[in-house]
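Here's the structure we're looking at; comments come further down.
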Amino acid sequence: MSESAVTASQMGLCTCHGCGSLTQLLAGIHDMRCRRCGAALHLRKPNSISRTWAFLIASYILYIPANVLPIMHTGSLFGSQSDTIISGVVYLWNSGSWHLALIVFIASILVPLAKILSLTFLVLSVQLGWTEHAMERTKLYRVLEFVGPWSMLDVYVVTILVALVQLKSLATIQPGPAALAFGAVVVLTMFAAMAFDPRLLWEPKERHYV
Amino acid sequence: MFERPRGTELADLPTAVAVRKRRLAPQLVWLIPIVAALVGGWIVVKGILDKGPTITISFKTAEGLEAGKTKVKFRSLDVGVLKSLEFGTRHEILATVELVKKAEPYLVDDTKFWVVRPRIAGGQISGLGTLFSGAYIGVDLGKSANKRRDFLGLEVAPIVSADVPGRQFVLRADTLGSIETGSPVYFRQEEVGTVVSHEINKDGQGVTFKIFVNAPYDQYVNADTRFWNASGIDVTLDANGVKVDTQSIFSILIGGIAFETLVDSAQHPPVEDNHEFLLASNRAEAMKRVDTIAWPVQFEFTQSIRGLSIGAPVDFRGIVVGEVKSVNIALNPAQDEFRFPVTAVLYPGRVQAVLKAGSGEYRMDEEGRRIRWNKMVAKGFRGQLRTSNLLTGQAYVALDMFPDAPEALMDWTATPPLIPTVPGGFEEIQVTLTNIAKKIEKMPIGEISADVRRALQSLHRTLVTAEEAVKRLDRDVSPSAKATLEEARRTLTAAERTLAADAPLQQDLRMTLRELTRTSQSLRQLTELLERQPESLIRGKKETRQ
């Protein structure tokens, strides 16, 4: 792709998010409304960088309890057990189901971590005003968006098990505090990805619109 | 591709409407990381605050234990988890366990840990659940005040947990019987306690039991309580017929201990924890005696102790006051002689002290005993080996008074103290016989027999001579003797005839004597007359006046 593509902002135009009408922007004025529907007009997602940062920091914080605390309590006739994500992976690996262990590891540990780290990288690259490899960074962003929901795998597993296995004294499964934290991490990274405006990847720092 | 709407040039597009600047100062989105930080921080702080103590427990084996999985349970409540296993310097297994915070105050000296595994003992099956769930570590929370973090894991679960009210007692017995850990303790056939443990004494002499009697039954245990082994069936045959005595079917199978308190001692205050009792082998024996004091003594015999077996009674005039514990042989190299030290225990408790008022205290202490025994030995109190059964040769040690015994003293320096002995009755006879035999042996039988022979020879000669003399007598003397005897007989016959009542000589003699009597009468009259009237000799007889 050529970086010399003409963008709406260069033309001084903007589409309204509310009604879709193409509007001429007024020079020198920051806050504008659509003449037709009155919605606020944005050239780029508003406060994209700081919002992304906020979500990212929140997910960083919650990522720790998500991995340290038990995600699931299994109670059966013969005792109860609490598993963290890591101990579940280790258990699966030790019991010979290495493929399952791999899936859980990728979905529950690798993907969320990769997502947070790469999003951080993208935000930083925008803030530092990098313009090189815009294409690659955009592709990375697309992968991020696509893969995001899949990291909910663990949460799915837990919710399904909790719903299914409620045999009172015989066997019960309860979600642990990590399930909540983990779910929050996944949701927050999704928000972070949504808050991030990939168009910023293509623009030099001085031309950022808010 | 797309059809642009007519008349829409770039310039025709509507312009945006400018609005008043409203700078919403800090963006609300930053609340999210703040909340996340608060929540995360709270979780971390809570985690740190809730983190329980970590302790180490040493076990003999890690069988069934799994790091990260094995739970620590207090009455089936999870109170911790096994973190890691490693082996220690003494090849024991060191288990690092993390407990819940609430367990912290209970990590004290008498807190006990053990591994719960499936177990069948004492008629009870326990830990079946662990067949499927795997072993777990049981914990019994203690009450002590001394904190500690490293524990020695028990091999089996404590029978009685620390918070069960009741008391523990110690029983001593010679053998285990069929009592097991977990066997019941009966009081009037009611199950009131449990055997907590049993072990061989350190010196190998006997077995020590620990039993736990639940409250409120522990109040019936006092110094006069008798314990006995209630295992199996006790069949006695006596004058009243056959009597079968047992506690319960259960105790027949798995053994048990029963106790009973003497009626007259029911008022005694209960004894303290871990009081020691003797465990009798049956009820009769238990109720018979209390040999709480066993005093080891020693006798020393020089004669054969054949028939004296271990367990033989020490008897005082028919009453068993002790028993033989060991029989040894000792060589006294200085004198080159063998002695037989016999150790025994005396049960002074069997001797009842009957005290007269004012005679002082019966002192049960060592000093009192010394004084008493010294006095008795001085009066002739001795040990003696006697045979109780001539057929089997069973022997026993008798204690008795021997006023004539040679003087001896108690040897208190020996361990145990040495009671002087006198030779036994049988032995006495034996000694006498031996002495006689020895004397006989010492006699110069050869010389004597030579003398005797000589004597016999001379006697023989004498006899021969005598015989010759007799023969000569017979030949030479007897005819004349015969004639002499004839002569003598004739003489005697004549004499007889002469002396017979009707013999003429006799009659003549009688008449002569009568004549003589008359003559003497006349003579007397004459004499009298002459005395009175001497003149009559001249004048003649004068008439007497009346």
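The values are calculated or read from the model by the stated rules, or taken from the named source; none is laboratory data. Note that the coordinates shown come from a computational prediction; the quantities given were computed from them, not determined experimentally. In this analysis, Cβ positions are derived from the backbone assuming ideal geometry, glycine residues included, and neighbour counts consider all displayed protein chains. Just the protein is used for accessible areas: all its heavy atoms, side chains included, with ligands, DNA and RNA removed. Shrake-Rupley method; radii C 1.70, N 1.55, O 1.52, S 1.80 Å.
A few comments on the model shown:
- Candidates are the residues of segment A:27-38 that are of a type outside the set (D, E, K, R) and within 9 Å of chain B (Cβ to nearest Cβ); the one that is most open to solvent (accessible area, probe 1.4 Å) is A:His30.
- Filter result for A:Glu132 (of a type in the set (D, E, K, R), surrounded by fewer than 16 Cβ atoms within 10 Å (Cβ to Cβ) and at pLDDT below 85): yes
- The set of residues from segment A:46-74 being more than 8 Å from chain B (Cβ to nearest Cβ) and either in a loop (DSSP other than H, G, I, E, B) or more than 23 Å from A:Glu203 (Cβ to Cβ) (or both) comprises A:Pro46, A:Tyr60, A:Tyr63, A:Ala66, A:Asn67, A:Pro70, A:Ile71, A:Met72, A:His73, A:Thr74.
- Residue check for B:Gly138: under 50 Å from the mean Cα position of the chain (by Cα), crowded, with 16+ Cβ neighbours inside 10 Å and within 14 Å of chain A (Cβ to nearest Cβ): yes
- When residues of segment B:270-326 are limited to those that are among the charged types (D, E, K, R) and farther than 30 Å from B:Gln219 by Cβ, the one least open to solvent (accessible area, probe 1.4 Å): B:Asp315
- Residue match in segment B:65-72 (condition: within 11 Å of chain A (Cβ to nearest Cβ), surrounded by 19 or more Cβ atoms within 10 Å (Cβ to Cβ) and farther than 26 Å from A:Asn94 by Cβ): no
- Residue check, A:Pro175 more than 14 Å from every other protein chain (Cβ to nearest Cβ) and in contact with a Phe, Trp or Tyr (Cβ under 6 Å, 6 or more places away or on another chain): no
- Annotation: of all residues in segment A:53-65 being open to solvent by 30 Å² or more (accessible area, probe 1.4 Å) and in contact with a Pro (Cβ under 9 Å, 6 or more places away or on another chain), the one that is farthest from B:Val19 (Cα to Cα) is A:Tyr63.
- For A:Thr15: the one exception among (1) away from every other protein chain (no Cβ under 11 Å); (2) under 19 Å from A:Phe196 (Cα atoms): (1)
- Matching residues, segment B:188-239, being surrounded by fewer than 20 Cβ atoms within 10 Å (Cβ to Cβ), hydrophobic (A, V, I, L, M, F, W, C), touching a His at 6+ places or on another chain (Cβ under 8 Å) and at pLDDT 85 or above: B:Val207
- Out of A:Ser76, A:Ser50, one residue alone is at pLDDT below 80 and either out of contact with any Leu (no Cβ under 7 Å at 6 or more places or on another chain) or surrounded by 16 or more Cβ atoms within 10 Å (Cβ to Cβ) (or both). It is A:Ser76.
- Close pairs (7 angstrom Cβ cut-off, 6 or more residues apart or separate chains): open to solvent by 30 Å² or more (accessible area, probe 1.4 Å) in segment B:414-437, modelled with pLDDT under 85 and assigned to a helix (DSSP H, G or I) anywhere: B:Pro423/B:Val431
- Some residue of segment B:166-173 being farther than 28 Å from B:Asn201 by Cβ and surrounded by fewer than 18 Cβ atoms within 10 Å (Cβ to Cβ): no
- One residue stands out in segment B:143-162 among those that are buried (at least 19 other Cβ atoms within 10 Å of the Cβ) and not aliphatic (A, V, I, L, M): the one that is farthest from the other protein chains (Cβ to nearest Cβ), namely B:Phe151.
- Note on segment B:365-386: residues that are touching a residue at least 40 places away in the same chain (Cβ under 8 Å) and open to solvent by 60 Å² or more (accessible area, probe 1.4 Å) total 2.
- Among (1) more than 8 Å from chain B (Cβ to nearest Cβ); (2) out of contact with any strand residue (DSSP E or B) (no Cβ under 7 Å at 6 or more places or on another chain); (3) in a loop (DSSP other than H, G, I, E, B), the one test that A:Leu43 misses: (2)
- Of all residues in segment A:1-26 being of a type in the set (A, V, I, L, M) and open to solvent by 60 Å² or more (accessible area, probe 1.4 Å), the one that is modelled with the lowest pLDDT: A:Met1
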